[in-house]
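Novice: Have a look at this one.
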Amino acid sequence: MKSAVKRTHGPEVLGGVGGFAGLFDASALLGYTRPLLASSTDGVGTKVAIAQAIDKHDTIGEDLVGMVVDDIVVVGAKPLFMTDYIACGKVVPDRIADIVAGIARGCELTGTALVGGETAEHPGLLGPADYDVAGAATGVVEADRILGAERVRPGDAVLALASSGLHSNGFSLVRHIVSGAGITYGDRSAELGTTWGEALLEPTRLYTSPLLQLVERFGRGIHSLSHVTGGGIAANLARVLPQETWVELDRSTWSPAPVFRVLADLGGLDLVATEGTWNLGVGFLAVVDQAVAADAASTLASAGIDTWQIGVVASGERPTGEFDQGAKGVDGGAVRLVGAYREDGAK
């Protein structure tokens with residue numbers, strides 16, 4: 001575990017592993033004109049129940065980094081460091097080491113130093129095999145380079161960045177469906193080509209490094225970013241659009257991955273009914289100047305992230321019908337999905 005953590009440390013991390021507090025040399029911030037610190041904290045939710053059910057704990061840490069660090073890049077910030085917290089019913093060293101190694105791997109992939117953490121044993125509150133994980137991270141962005149709704153203009157292209165699967169949201173619904181169908185996580189799914197547990201534990205895709213490279217290359221051509229987590233695609237995009245703007249996102253531009261279709265069918269649900277719960281194959285959204293949209297999509301594709309245009313920002317009177325707006329207290333733009341999803345395998 002210590003060796004995994006140390007691999008995330010550059011010369012700016014002082015004190016090594018195991019101290020009461022992690023130390024990070026902030027003198028690098030002197031190179032900024034007006035550095036703003038960005039902070040985020042989150043957990044993984046009930047996805048940990050599946051890891052516990054099949055005793056596989058080496059990927060849940062990547063999910064944690066995705067939930068925490070990928071929120072920081074939304075404002076254009078470069079992550080600096082992260083800390084984690086693991087609460088468990090009983091400390092099982094190999095299990096804790098697997099969890100932390102996954103966190104460290106995610107930190108390596110996002111250029112984040114893992115500077116500290118805490119493992120707390122809560123017997124009587126949590127069962128011997130139970131645990132939960134949480135984390136917090138800090139990043140930095142130059143004040144005049146912050147991404148956000150104030151940069152967005154009518155006519156901007158909205159790009160969709162493919163997810164790797166469910167990521168870390170909507171697992172209460174997932175578990176309800178699987179349990180109701182009498183399936184155990186060790187059962188093999190012919191449709192998914194693996195066991196249910198392994199398919200559902202597919203790690204969250206990490207977007208930080210490719211997105212920072214995108215911002216570096218296209219500068220002010222990148223206007224705002226949205227991390228598709230709780231609330232789904234429309235609600236999260238609405239948070240990074242200015243008031244009086246609206247977007248209709250075209251479902252026909254992609255086909256949700258098999259894991260979403262299989263779960264929806266198993267639960268007797270239409271995919272549209274799950275849009276506020278699952279990401280349905282879109283893990284991030286980028287609002288960019290239409291002039292750079294094609295090149296931006298190509299750049300992300302070259303980094304291994306399928307990317308396509310899903311909509312265009314509009315202003316003025318919007319079409320009749322229901323739109324998502326005001327998610328999580330942000331009075332931003334209005335967004336809805338329209339059309340029908342492309343059939344699996346169709347072009």
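The values are calculated or read from the model by the stated rules, or taken from the named source; none is laboratory data. None of these values were measured; they are calculated from a predicted model. Here the Cβ is made from the backbone with ideal geometry for all residues, glycine too, and neighbour counts use every protein chain on show. To get the accessible areas, we keep the full protein, side chains included, count just its heavy atoms, and leave off ligands, DNA and RNA. Shrake-Rupley method; radii C 1.70, N 1.55, O 1.52, S 1.80 Å.
Novice: For a label point 7 Å from the Cα of Lys6 along Cα→C-beta, name the residues of the range 64-101 whose backbone N is under 20 Å from it.
Specialist: 82-84, 94, 96-101, by backbone N distance to the label point.
Novice: Which ³J(HN,Hα) values, rounded to whole Hz and listed in residue order, are derived for the range 324-333 from phi using the Karplus coefficients 6.51, -1.76 and 1.60 in 6.51 cos²θ - 1.76 cosθ + 1.60 with θ = phi - 60°, glycine and proline given as x?
Specialist: With coefficients 6.51, -1.76 and 1.60, one gets 7, 7, x, 5, 6, x, 9, 8, x, x Hz.
Novice: Note down the nm distance, to one decimal, between modelled labels 7 Å out along Cα→Cβ at Ala49 and at His122.
Specialist: 1.6 nm
Novice: Calculate one ³J(HN,Hα) per residue across the range 236-242 by plugging θ = phi - 60° into the Karplus curve 6.51 cos²θ - 1.76 cosθ + 1.60, and present them in order as whole Hz with x for glycine and proline.
Specialist: 6, 5, 4, 5, 10, 10, x
Novice: Evaluate the charge dipole of the range 143-203 about its Cα centre and quote only its size in Debye, nearest 20, assuming +1 on the Cβ of each Lys and Arg and -1 on the Cβ of each Asp and Glu.
Specialist: Charge dipole of the range 143-203: 120 debye, to the nearest 20.
Novice: I would also like to ask the following. Would you kindly calculate the translational diffusion coefficient of the range 308-347, applying Stokes-Einstein with the Kirkwood radius from alpha carbon pairs, for 37 °C and a viscosity of 0.692 mPa s, and quote it in µm² s⁻¹ without decimals?
Specialist: 257 µm²/s
Novice: Please work out the Cα center distance from the range 229-251 to the range 153-197, rounded to the nearest Å.
Specialist: Each part reduced to its Cα centre gives a spacing of 21 Å.
Novice: Same structure, new question: How high is the FRET efficiency from Glu216 to Asp58, r the C-beta distance, R0 30 Å, rounded to 0.05?
Specialist: Efficiency for this residue pair is about 0.45.
Novice: Now for a separate question. Run the dipole for the chain about the Cα centre, Lys and Arg Cβ at +1, Asp and Glu Cβ at -1, nothing else charged, and hand back the magnitude in debye, nearest 20.
Specialist: Its charge dipole is roughly 380 debye.
Novice: With a ≥ b ≥ c taken as the square roots of the eigenvalues of the C-alpha gyration tensor of the range 222-347, please select rounded if a/c is under 1.5 and otherwise prolate if a/b is larger than b/c or oblate if it is not?
Specialist: Taking the square roots of the gyration eigenvalues as a ≥ b ≥ c, the range 222-347 is oblate.
Novice: Quick check on the chain: of the DSSP beta bridges with both residues there, what percent are antiparallel, nearest 5%?
Specialist: 75 percent
Novice: Quantify how much of the Cα-Cα distance distribution of the range 172-274 extends past 17 Å, in percent.
Specialist: The share of Cα pairs beyond 17 Å in the range 172-274 comes to 67 percent.
Novice: So, one more: Between the range 111-136 and the range 12-31, what's the alpha-carbon centroid distance in Å?
Specialist: 22 Å
Novice: Also, I was wondering about something else. So what is the accessible area of the chain per residue, in Å², with the probe set to 1.4 Å?
Specialist: Value returned for the chain: 44 Å² of accessible area per residue.
Novice: Taking 0.36 nm per residue of sequence separation and subtracting the Cα-Cα distance, how much length would be gained by fully extending the chain between Lys328 and Ala28, in nm to one decimal?
Specialist: 104.6 nm
Novice: Ser164's amide H: which non-local residues (gap 5+, or another chain) put their own amide H closer than 5 Å, with H modeled 1.01 Å from N in plane and none for Pro or chain starts?
Specialist: When sequence neighbours closer than 5 places are left aside, the close amide H contacts are Arg205.
Novice: Now, a different point. Give the carbon-plus-sulfur fraction of the accessible surface of the chain in %, rounded to a whole number; probe 1.4 Å, heavy atoms of protein chains only.
Specialist: C and S fraction of accessible area: 51 percent.
Novice: Here's something else I'd like to know. Below 13 angstrom from the Cβ of Ala28, what's the summed charge of the other residues (Lys, Arg +1; Asp, Glu -1)?
Specialist: -2
Novice: Order these peptides, 218-224, 8-14, 69-75, 106-112, by their mean beta-carbon neighbour count within 10 angstrom, highest first.
Specialist: 69-75, 106-112, 218-224, 8-14
Novice: Let me ask another. Leu109 to Asp270: FRET efficiency via 1/(1 + (r/R0)^6), r the Cβ-Cβ distance, R0 45 Å, to the nearest 0.05?
Specialist: 0.80
Novice: Sorted by accessible area with a 1.4 angstrom probe, largest first, how do Trp246, Trp278 fall?
Specialist: Solvent-accessible surface, decreasing: Trp246, Trp278.
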